[in-house]
Each structure stands twice: as C-alpha cells, then as structure tokens.
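Read-outs throughout are calculated quantities, based only on the coordinates presented, and are distinct from any laboratory measurement. These numbers come from a predicted model, not from an experiment. For neighbour counting, all protein chains shown are included, and Cβ atoms are generated from backbone atoms with ideal geometry for every residue, glycine included.
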Amino acid sequence: MLAGADTAAGDVIERGAYLVAAGGCTACHTVDDGGEEDYMAGGRALESPFGTFYTPNITPDRETGIGNFTDEDFIRAFREGVAPDDSHYYPAFPYTAYTGVADEDLLAMKAYLFDIAPVRRENRDHELAWYASYRPLLSIWKWWYFEPGVFRPDPARDAAWNRGAYLVRHLGHCGECHTPRDFFGALDTDRELAGNPNGPEGDAIPNITPHPEDGIGRWTASDLDDLLAIGMYPDGDFVGGSMVDVVDYNTAKLTDDDRRAIIEYLRALPPIPGPAGE
C-alpha cells in the first residue's frame with residue numbers, strides 16, 4: 001500500500017476514535033472497571049423499566065462481535081436500527097438519535113472499531129419482562145415512534161449552533177437520558193432535555209434546558225465548560241452516577257470547539273420547567 005494511503009487510513013481511524021468517544025460508545029460497551037481485555041467487548045447491564053439489557057460485543061471478532069459487518073450493515077444499524085440478519089434492535093441502542101449521524105462519520109467510527117483488538121466474548125441475553133421480549137413487536141414501535149434520517153443543518157443558524165445540535169441530538173444522544181419517556185419508552189419530544197425523573201439505572205436525570213430555576217439558565221458558559229471538561233458543578237461539587245462515565249469517556253475528550261458548540265446549542269434552547277412529574 002502506498003504511504004499516502006497508509007496516512008489517509010490512519011487519519012480516518014484517528015477521526016473514528018474521536019467520534020466513538022463523542023458518541024459515548026465506551027461507557028456502554030465496556031463493563032465497569034474493565035481492563036484492556038474488556039474494551040468494547042460488551043456485557044454491561046443497562047437497567048430499564050422493561051428489564052435489563054446487556055450491551056453487545058462491538059469489537060471486530062468475527063464470531064461474537066461485529067467483525068462480519070459490511071459498511072452497509074454498519075450504517076443500517078445506526079440509521080434504521082436493523083441488524084445484518086434483518087432483526088430489529090431494541091432502542092436501548094440509541095439509533096433513534098444515531099440515525100442523524102452522517103455516513104462518513106459512521107464509516108470512520110467503523111474503521112476505528114475494526115482497528116481495535118478483537119475479543120471473543122459471547123453476547124449475554126437480555127433479561128426482559130415477558131411483554132418486551134418479543135422482538136418482532138419492535139417493528140410496530142418503530143413505525144409509531146421512529147423517524148430515520150440524517151441531520152440537516154439549519155441554514156438560519158451559525159456553524160457552531162449546528163455543530164452543537166449534531167453533537168447533542170445525534171452523536172452524543174444527550175436526550176436519551178435527559179428527556180422523559182412515556183409508558184412505551186418513547187421520548188417525550190415536547191419536553192426535550194427537560195430532565196427525566198426515571199433515568200437509566202434509576203438515576204434522576206436533570207433538566208439541561210436554560211430554564212432559570214429548573215435548568216441551567218443561571219449557569220455561565222464557563223460553568224458549563226467545567227461540567228463537560230472535568231465534571232464540576234458551579235458549587236464545586238462533582239457529578240456522580242451515570243454522568244461520571246459520560247464525562248470521563250465522552251465530554252472530557254471533546255475539543256474545546258466542540259464543547260463550546262454544545263454550550264451554544266444548549267443555551268439557545270427554549271427553557272422548559274421540570275422535569276416532568278416534579
């Protein structure tokens with residue numbers, strides 16, 4: 001292979017590593033306190049009102065991971081929530097947000113994941129309530145609640161706002177935790193990012209709209225950057241629960257420009273009181 005091709009491939013893999021971090025993949029697909037042999041090998045438990053989901057192995061192992069995924073398989077998984085065998089993924093895999101990620105970003109992520117060490121580890125079966133265990137019903141759920149499609153920048157907004165929207169709404173999928181859900185597990189889009197009293201693993205997830213009392217309306221841009229970069233609140237305390245991993249594996253690894261874009265987007269949102277139920 002020509003040296004230029006090697007360099008180009010290396011650049012794509014490096015970019016993919018950044019995008020995988022921005023997408024929060026490590027926090028879900030690596031077990032707590034895992035070592036190098038556990039990296040992206042799945043098995044992490046995700047508690048939900050429907051039971052416990054166990055994240056899959058996304059290393060390039062051909063038998064137990066994603067090593068046989070084609071480019072088309074990979075894009076389809078993120079864009080449509082469909083596996084290579086045509087089965088539907090549960091939305092515990094946040095394809096409802098990832099659907100907006102651009103093809104070139106998805107393929108860079110795939111290039112990075114296929115460059116890491118393969119781990120042979122069988123996926124663990126989910127432990128779900130009986131009414132949630134029949135996977136074909138997901139086609140009905142998706143017909144009702146899911147609209148696939150790539151993110152389209154808003155021409156009325158500047159580049160930073162659009163980058164922030166892309167990171168928050170799609171790649172970083174913040175709404176998957178910070179937006180309340182209905183009885184069927186669908187996001188309440190009228191209360192996007194207004195907090196979720198019944199978040200993952202039982203955590204109460206805060207309102208991150210700029211509401212002055214219930215949200216982040218009184219936070220400065222510096223306050224928000226401290227939270228994203230080092231996990232520190234304006235009062236000097238530090239994040240806990242599931243947000244620890246979000247900071248460590250995701251927001252702390254972003255560039256300063258990407259954190260500023262997230263902050264610009266969040267501060268431009270409509271303020272919504274809440275979270276719902278309080």
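Over all Cα pairs of the stretch 159-267, how is the pair count split among 5 Å bins, expressed in % and running from 0 up to the last occupied bin?
2, 13, 21, 28, 22, 10, 3, 0
For the stretch 141-153, in order, what is each residue's ³J(HN,Hα) by Karplus, 6.51 cos²θ - 1.76 cosθ + 1.60 with θ = phi - 60°, in whole Hz (x at glycine and Pro)?
Coupling constants for the stretch 141-153: 4, 5, 4, 7, 10, 10, 10, x, x, 6, 4, 10, x Hz.
On alpha-carbon atoms, Rg over Rh for the stretch 3-145 using Kirkwood Rh?
Ratio value, two decimals: 0.97.
From the gyration tensor of the Cα coordinates in the stretch 28-76, what semi-axes in whole Å does the equivalent ellipsoid have, largest first, with each one equal to sqrt(5λ)?
Result for the stretch 28-76: semi-axes of 21, 16, 7 Å.
Please rank MET109, MET243, fewest neighbouring Cβ atoms within 10 Å first, as an exposure proxy.
Final ranking by Cβ density, sparse to dense: MET243, MET109.
I'd like to know which of ASN198, ALA83, GLY10 lies farthest towards the positive end of the charge dipole of the chain, counting +1 on Cβ of Lys and Arg and -1 on Cβ of Asp and Glu.
ALA83
For the chain, divide the Cα radius of gyration by the Kirkwood radius and give the resulting Rg/Rh value with two decimals.
Reported Rg/Rh, Kirkwood definition of Rh: 0.95.
Choose one answer from THR96, THR59, THR255: the residue with the largest mean-square fluctuation in a GNM of the chain with alpha-carbon springs under 10 Å.
THR255
Fewest to most neighbouring Cβ within 10 Å: what's the order for PHE69, PHE50?
Least crowded to most crowded, the residues run PHE50, PHE69.
Have a look at GLY23, GLY67, GLY42 and tell me which one the Gaussian network model of the chain (Cα, springs below 10 Å) gives the largest fluctuation.
Among GLY23, GLY67, GLY42, the largest mean-square fluctuation in the Gaussian network model of the chain belongs to GLY67.
From zero up to wherever the largest Cα-Cα distance of the stretch 108-188 sits, split into 10 Å bins and tell me the percent of pairs in each.
12, 27, 35, 22, 4
Which one of TYR145, THR30, THR209 is farthest out on the positive end of the charge dipole of the chain, using unit charges on Cβ (Lys, Arg +1; Asp, Glu -1) and the Cα centre as origin?
TYR145
How many percent of the alpha carbon pairs in the stretch 72-144 exceed a separation of 15 Å?
Cα-Cα pairs in the stretch 72-144 separated by more than 15 Å: 63 percent.
For the stretch 61-218, what class follows from the C-alpha gyration tensor (a ≥ b ≥ c being the square roots of its eigenvalues): rounded when a/c is under 1.5, otherwise prolate if a/b is larger than b/c, else oblate?
Oblate, because a/c is 1.5 or more while a/b does not exceed b/c.
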